[in-house]
Amino acid sequence: MKPKIMFSSRVFGNDVQVILDYAVTEGYDGVEWYLNSFRLRTSKKHREQFFEKLDQYPGLYYTFHLPTVDVELAHREPIISGASLGYLQLYIEYLAPWFLKQDVPPVLTLHVGSNSISVEELDWEVALTNLKQLGDFAAQRNGVVLLENLKVGWTTDPKTHLQMADHAGLGITFDTGHAASNPLVRSGELHLVDYADALSQKIRHVHFYAYESLDQGRHMPPETWMDVAEIWSKVVALPDAQSVVLELSTEEELAKTFDLLMDNKDKWQGR
Ligand SMILES: [Zn+2]
């Protein structure tokens, strides 16, 4: 399967028309709506306007990144984990009318352990229970929840990451930048492409950039083709990855990354 190549709406904030025009003009296959900065509105009229815009571009493919900044469904404090589960369900409920009309169930990426929260603040059993609940809730609305690997916490170890995904029946979003900044990869214990192999059976979606900076958590673009040749060639050849989002934060970095990949198309296309 040749994955669709997309970008994150985070580059352009909230302007749906600007985001969709950019996708068409620059030749992307679709957009990932980054629901931290791009918020949905409760009023039905506003949500319907958004869905109508999406439907005006039948050639584009859409994925969704659930909010991460102020939610943690694995938190050991019941008020936090409970409200987080409800809040994430709310977002899925907002999208449900559009999801139910799609032939291919749309994907939603989820974090457990965002913003380098300490594992001490989390509860493993709560994580498993709430992941299962959220996954089932989305499935009833034709959505597929994918659990992303981060650079700190349970999802940094492929074994614990798979345990969580298996328990809840979730697929995986493989984030190449978080993977490159993973302590096991930085220490040389785990090679980046072996990491992708370890999760490959469950990977349905990919976030792509070079690495996440350790101090500020910035998504860094590759400087040269050789920086990412091996991992890019790997992710575009994963058996079940439907889509790859270039998850950069500025238009300049996005364009630079896209051009780098397209300039080297002959080296990875046809794989
Ligand atoms: Zn990501």
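The values are calculated or read from the model by the stated rules, or taken from the named source; none is laboratory data. Keep in mind the model is a prediction, meaning the values are calculated, not measured. Glycine also receives a Cβ, built like all others from the backbone with ideal geometry; neighbour counts cover every protein chain displayed.
Asp175 meets each of the listed conditions (1) surrounded by fewer than 17 Cβ atoms within 10 Å (Cβ to Cβ); (2) acidic (Asp, Glu); (3) touching a residue at least 40 places away in the same chain (Cβ under 8 Å) apart from (1). Considering only residues in the stretch 213-233 that are closer than 26 Å to Met164 by Cβ and crowded, with 22+ Cβ neighbours inside 10 Å, the one that is farthest from the ligand (Cβ to nearest atom) turns out to be Ile231.
One residue stands out among those in the stretch 243-271 that are away from the ligand (no atom under 16 Å from the Cβ) and aliphatic (A, V, I, L, M): the one that is surrounded by the most Cβ atoms within 10 Å (Cβ to Cβ), which is Leu261. For Phe208, all conditions in the list (1) among the aromatic types (Phe, Trp, Tyr); (2) more than 22 Å from Thr109 (Cβ to Cβ); (3) in contact with an Asp or Glu (Cβ under 7 Å, 6 or more places away or on another chain) hold save one; what is the number of the exception? Of (1) among the aromatic types (Phe, Trp, Tyr); (2) more than 22 Å from Thr109 (Cβ to Cβ); (3) in contact with an Asp or Glu (Cβ under 7 Å, 6 or more places away or on another chain), only one is false for Phe208: (2). A Cβ distance below 8 Å, combined with a sequence gap of six or more or placement on separate chains, defines the contacts here; from the stretch 252-264, residues that are outside any helix (DSSP H, G or I) reach residues that are not acidic (Asp, Glu) in the pairs Asn264/Trp225; Asn264/Ala229. Against the conditions (1) farther than 30 Å from Pro3 by Cα; (2) crowded, with 20+ Cβ neighbours inside 10 Å, Glu77 satisfies every one except (2). Scanning the stretch 31-70 for residues that are touching a helix residue (DSSP H, G or I) at 6+ places or on another chain (Cβ under 7 Å) and buried (at least 19 other Cβ atoms within 10 Å of the Cβ) turns up Val31, Glu32, Trp33, Tyr34, Leu35, Phe38, Tyr62, Phe64, Leu66, Pro67, Thr68.
On the basis of being in contact with a strand residue (DSSP E or B) (Cβ under 9 Å, 6 or more places away or on another chain), aliphatic (A, V, I, L, M), modelled with pLDDT of 95 or more and under 29 Å from Leu238 (Cα atoms), does Leu108 make the cut? Taking the combined requirement at face value, the residue satisfies it.
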